[in-house]
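The values are calculated or read from the model by the stated rules, or taken from the named source; none is laboratory data. Note that this is a predicted model, so its numbers are computed, not measured. Cβ: placed from backbone, ideal geometry, glycine included. Neighbour counts: every protein chain shown. Surface accessibility is based on the protein's heavy atoms, side chains included, excluding ligands, DNA and RNA. Shrake-Rupley method; radii C 1.70, N 1.55, O 1.52, S 1.80 Å.
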Amino acid sequence: PEETVTSSFASFIHAAQPEHLSQTVRQRSKRMILDSIGVGLVGSTTRVFDIALRYCRLYSSVAVSSVYGKPGVKLSPTLAAFTNGVATHSMDFDDTWHPATHPSGAVLPALLAASQMLPPNTKPNGLDFLLAFNVGLEVQGRLMHFSTEAHDIPKRFHPPSVVGTLGSAAATAKLLSLSSAQCCHALGIAASLAGAPMANAATQAKPLHVGNATRLGLEAALLAARGMEANPLILDDIPGCSGFSAFYSIYHPKPLSAPGEHHEFLLEKQDIAFKRFPAHLGMHWVVDAALSVRNLFINYAGSFSPSLIRTIVLKIPVSKYINRPFPSSEHQARHSFQFNACAALLDGEVGLGSFSESSIHRQELRELLDKVVVEHPEDNVANFDKMYGEVALLLHSGDVLTGKCDTFYGHWRKPLSKESLLKKFRSNASHVLPEEKIEAIITLVDNLENLSDSSQL
């Protein structure tokens, strides 16, 4: 039969082999795995994670898969994937790609759960695991390139709930060694389970988007493995009958070339962004800009004195759900340009403690928020590859101090060093694990290709 877009994706998933992964792709994806585990571990200390875990324990009949940060607690594979996905996104601390999505959290928990689910004599090795992870990333990245809409900060659907669900299905299908036809059906089933509205951003429901993506993608692969079928043209553009195109206003699907010498994984060309603090990616531009102008202010006045400031001008792109003048909860604060700029100005940093209730409701912070004015320059577009953050302090003296950030530290154009990534991982993991286990995870991930049983991870 004639090849379709959907069948090309299924063929790619089925045919990809470890030798198709370059050294760059392997190293970058291992950094993602390590960071995602650390983010999931610290995320297991949050209230939203506790809610999800209590819910899942109601249904834990086949408890074989581990839960982040909870030694001795096991759940069924799909519920473990869900719970660990929630942990990964509970603080909005997980990695971000371009076009915008959170790729690791939608894939890694499914693979960890599936590895523990399989019988002892069929456990995938570390190289199989790494390949499946990269297949999940590749499918997400290629799907996002089907629409120009996906390149900008989203307005309708939260991307990991859409492309992440299909990425999880693809990764799990690869780990389970499904046939090309089964991979095709797994993508189709996953499309029927995908999608979450952006209106739930900055709420406790947002982490469910990543939890559901990894869980439902796993379920889609398991259903396909047991014979369930779906539309074999789910990714194609069929006039009058929306498939995956239902999630995009502009949709131009392209086939995925076969893995091999003529195919280059997207991760080879497009590195990932790792966050230095737990907030929406857009916040990292305004925080670095605020820290820059804070240093200028201290040089100017000798110390940071808010009473000298008349107005704080933020120049940011138009994006309604992260333009929040007076956030009242931790999740709103993580999605507020104004809060993150003022917290950086006041404290000289933004970290885990910045989003505590006591920090959010400080009188001195509220007084700074009252001084904020937002502007949207035409050249500052809502696109993680093109946007910038600018913070200007208009002083009562008439002087103006300005800080600007085009590329924050951690962006794919300015990647975190190995030392910075390890520091972040150790800090996150230390909230729930002793030092020897933290170092053991670092060693396991660093030598993932040589691991005989990936379920050890």
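Which of the residues spanning segment 175-198 are over 11 Å from Leu218 (Cβ atoms) and without any contact (Cβ under 8 Å) to a residue 40 or more places away in the chain? The answer is Ser177, Ser192, Ala196. Assess whether Ala205 counts as being closer than 30 Å to His411 by Cβ, open to solvent by less than 60 Å² (accessible area, probe 1.4 Å) and out of contact with any helix residue (DSSP H, G or I) (no Cβ under 7 Å at 6 or more places or on another chain). For Ala205, the condition - closer than 30 Å to His411 by Cβ, open to solvent by less than 60 Å² (accessible area, probe 1.4 Å) and out of contact with any helix residue (DSSP H, G or I) (no Cβ under 7 Å at 6 or more places or on another chain) - is met. From the list Ala344, Ala382, the lone residue that is open to solvent by less than 10 Å² (accessible area, probe 1.4 Å), outside the structural domain of Gln270 (by the TED database), touching a residue at least 24 places away in the same chain (Cβ under 8 Å) and not in a strand (DSSP E or B) is Ala344. Scoring Arg142 on the criteria (1) closer than 17 Å to Ala173 by Cβ; (2) open to solvent by 20 Å² or more (accessible area, probe 1.4 Å); (3) out of contact with any Leu (no Cβ under 7 Å at 6 or more places or on another chain) leaves a single failure, condition (3). Of all the numbered requirements in (1) modelled with pLDDT of 95 or more; (2) of a type outside the set (Asp, Glu); (3) over 19 Å from the mean Cα position of the chain (by Cα), Leu457 misses one, and that requirement is (1). Taking the criterion of being touching a strand residue (DSSP E or B) at 6+ places or on another chain (Cβ under 6 Å) and open to solvent by less than 40 Å² (accessible area, probe 1.4 Å), the only residue of segment 111-139 that qualifies is Ala113.
Given the condition assigned to a loop (DSSP other than H, G, I, E, B), out of contact with any Lys or Arg (no Cβ under 8 Å at 6 or more places or on another chain), of a type in the set (A, V, I, L, M) and closer than 29 Å to Arg334 by Cα, answer yes or no: does some residue in segment 204-219 qualify? Within segment 204-219, one or more residues are assigned to a loop (DSSP other than H, G, I, E, B), out of contact with any Lys or Arg (no Cβ under 8 Å at 6 or more places or on another chain), of a type in the set (A, V, I, L, M) and closer than 29 Å to Arg334 by Cα. Of all the criteria given as (1) aliphatic (A, V, I, L, M); (2) within 19 Å of Leu108 (Cα to Cα); (3) open to solvent by 20 Å² or more (accessible area, probe 1.4 Å), the one not satisfied by Leu178 is (3).
When restricted to residues that are without any contact (Cβ under 8 Å) to a residue 40 or more places away in the chain and not in a helix (DSSP H, G or I), segment 420-457 contains 2. Residues that are β-branched (Val, Ile, Thr), at pLDDT 95 or above and closer than 15 Å to Arg31 by Cβ: does segment 113-135 have at least one? No: zero hits. Contact annotation: residue pairs with Cβ atoms under 6 Å, 6 or more positions apart or on different chains, pairing a residue in segment 227-252 that is closer than 17 Å to Val163 by Cβ with a partner that is open to solvent by 80 Å² or more (accessible area, probe 1.4 Å) and not polar (S, T, N, Q), are Ser245/Asp237; Tyr251/Asp237. Set side by side, the residues Ile51, Ile37 differ, and just one is more than 20 Å from Leu416 (Cα to Cα) and either modelled with pLDDT under 95 or not assigned by the TED database to the domain that holds Phe129 (or both), which is Ile51. In the set Ser420, Ser455, Ser397, only one residue is open to solvent by 60 Å² or more (accessible area, probe 1.4 Å) and either outside the structural domain of Gly43 (by the TED database) or of a type outside the set (D, E, K, R) (or both); that residue is Ser397.
The helices (runs of 4 or more DSSP H) found entirely in segment 22-110 that carry 3 or more residues being without any contact (Cβ under 8 Å) to a residue 24 or more places away in the chain and open to solvent by 10 Å² or more (accessible area, probe 1.4 Å) are 47-56. Filtered by the rule that a residue be more than 18 Å from Met228 (Cα to Cα) and either free of Cβ contacts under 8 Å to residues at least 60 places away in the same chain or open to solvent by 10 Å² or more (accessible area, probe 1.4 Å) (or both), segment 154-174 gives Pro154, Lys155, Arg156, Phe157, His158, Pro159, Ser161.
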